[in-house]
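Structure, as structure tokens:
The values are calculated or read from the model by the stated rules, or taken from the named source; none is laboratory data. Note that the structure is a prediction, hence the values are computed from the model and not measured. Counting neighbours? That spans all protein chains shown, and the Cβs are built from the backbone with ideal geometry, glycine included. Protein only, heavy atoms only, side chains kept; ligands, DNA and RNA dropped before computing areas. Shrake-Rupley method; radii C 1.70, N 1.55, O 1.52, S 1.80 Å.
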Amino acid sequence: MRDQARLLAEVGDLIAVHLAVEERVFYPGIALNAGAGPLATLKDDAQRELKHLAAELLDAEPASPTFETAAALLRDRFSAHARAEERVFSNVRRHLPRTRMRRLAYDMRVLEFQLRTDSRMRDLVLSPTTRTAHA
């Protein structure tokens, strides 16, 4: 049970880092080169849902029956999120200059490092008690 709780916290941290990097660096970075338009709305909706699901899972007791359901739902939504991102990345690669892509990659790695070395990283993005997002 302790291993499951540890793995759950690690997954929460990884999701928090992923969402923060997208929210703070990637999407603002590509919006500078192209109108965000519908992409921003889709991104915001997906981000909000993933944050809610991750916070809900982190609040759940691993032994409870709702835990497996919440974990499966988060896994499915995150998989769909990853597939959607592949389409976005493919489009971004075609339209952004190589130097801009390198700068975005660098900025994302820097933020990822900062978040991974901060012991409160999960709370920087997810608030498990209120199930709302922090920016």
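Per-residue extension of 0.36 nm, minus the Cα-Cα distance of ASP107 and LEU8, leaves a gain of 32.9 nm for this segment. Between ASP45 and ALA72, the FRET efficiency estimated from the beta carbon spacing at R0 = 30 angstrom works out to 0.90. With a point put 7 Å past each Cα toward its Cβ, work out how far PHE89 is from THR117 in nm, to one decimal. Taking the simple label geometry, PHE89 and THR117 are separated by 2.5 nm. A 1.4 Å probe, protein heavy atoms only, puts the accessible area of HIS18 near 60 Å².
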